[in-house]
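Worksheet: the structure to be examined is printed underneath.
What follows draws every value from the coordinates through simple rules; no lab data is involved. Note that the structure is predicted; figures quoted are calculated from it, not measured. Virtual Cβ from ideal backbone geometry, glycine too; neighbours counted across all protein chains shown.
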Amino acid sequence: MENKGLTCCVTGHRPKGFPWDYSDTEGASHQEYLEAMACYIDKVIRKDGVVNFIAGGAIGADTDFAETVLDFRDHVYDHIRLEIAVPCEGQDARWSEQDKVRYKRILERADKVTVLSPHYTSFCMQKRNEYMVDHSDIVFAFWNENETKGGTVNTINYAKRKNKRLELFVLNQYT
């Protein structure tokens, strides 16, 4: 991504980590979460000058964030850019066909795709998360505060150690 300006990445749970039924996309909790995400993305563009966004491409918060950024880019802010940081080739191998289609559509629309490993390793997801934090000024974390371990918590802690600006969104407030 060649745009100069601030960069914002996202970390967050996969569907099973949400404190509501993530598959109920029309439910009030899910809609409030998506609306809050869009408001905060809009705010960092307008108030902070963020032009670059990075998402990891996982199902859940990553894909919601990526699609929201792409919608803003296509309809409101044509100067912003999206990078997808892919942990490994074939990360979608065990996903449902519906999730694979959604992921492929995001990759096709992204301004940049960075693949961090040619194959799965036990560390590739954490490597992806560290890459996103290291290349960002602001880290958005959509976190279920009942989760005390896993990729989202590890990324939050890594962002704190790196003294990144961390915007923490507690998903439990939407239930």
Checklist entry - Once the piece of chain linking THR121 and HIS135 is laid out straight, how much longer is it, given 0.36 nm per residue of separation minus the C-alpha distance between them? => result 2.9 nm
Next on the checklist: What does the extension gain come out to for ASP74 and LYS4, with contour length at 0.36 nm per residue minus their alpha carbon separation?
Outcome noted: 23.3 nm
Checklist outcome for this item: With DSSP loop assignment and no more than 10 other C-beta atoms within 10 Å, the GluC sites (Glu not before Pro) in the range 90-150 are none
Item to check | Segment GLU32-ASN163, extension gain: residue separation times 0.36 nm, minus the distance between their alpha carbons | outcome: 44.3 nm
Checklist entry - Which of ILE59, TRP20, CYS8 sits farthest toward the positive end of the charge dipole of the chain, with +1 on the Cβ of Lys and Arg and -1 on the Cβ of Asp and Glu? => result CYS8
Next on the checklist: With the cut-off at 1.5 for a/c, could you classify the range 74-126 from its C-alpha gyration tensor as rounded, prolate or oblate?
Outcome noted: oblate
Checklist entry - CYS39 versus GLU97, label points 7 Å from Cα toward the beta carbon: distance in nm? => result 3.9 nm
Checklist entry - Straight-line reach from LYS127: which aspartates and glutamates have a Cα under 15 Å away, not including same-chain ones fewer than 8 places off? => result GLU89
Item to check | HN-Hα J in Hz across the range 43-59 - Karplus 6.51, -1.76, 1.60, θ = phi - 60°, x for Gly and Pro | outcome: 5, 6, 6, 6, 8, 9, x, 5, 10, 10, 10, 10, 10, x, x, 6, 5
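Hey, what did the range 74-147 get for relative contact order, percent, Cα under 8 Å, at least 6 apart?
38 percent
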Next on the checklist: Once R0 is set to 30 Å, what does the formula 1/(1 + (r/R0)^6) return for the Cβ-Cβ distance between ARG109 and ASN154, expressed as a FRET efficiency to the nearest 0.05?
Outcome noted: 0.60
Checklist entry - Among rounded, prolate and oblate, which fits the range 1-84 when a ≥ b ≥ c are the square roots of the eigenvalues of its C-alpha gyration tensor, a/c under 1.5 means rounded, and a/b larger than b/c means prolate? => result prolate
Checklist outcome for this item: With DSSP loop assignment and no more than 12 other C-beta atoms within 10 Å, the trypsin sites (Lys or Arg not before Pro) in the range 22-124 are LYS47, ARG94
Next on the checklist: On a straight-distance basis, which lysines could pair with LYS100 in a cross-link, Cα separation under 20 angstrom, same-chain partners fewer than 8 positions away excluded?
Outcome noted: LYS16, LYS112
Next on the checklist: Given the C-alpha atoms of the range 119-175, compute the convex hull and give its volume per residue in Å³.
Outcome noted: 88 Å³
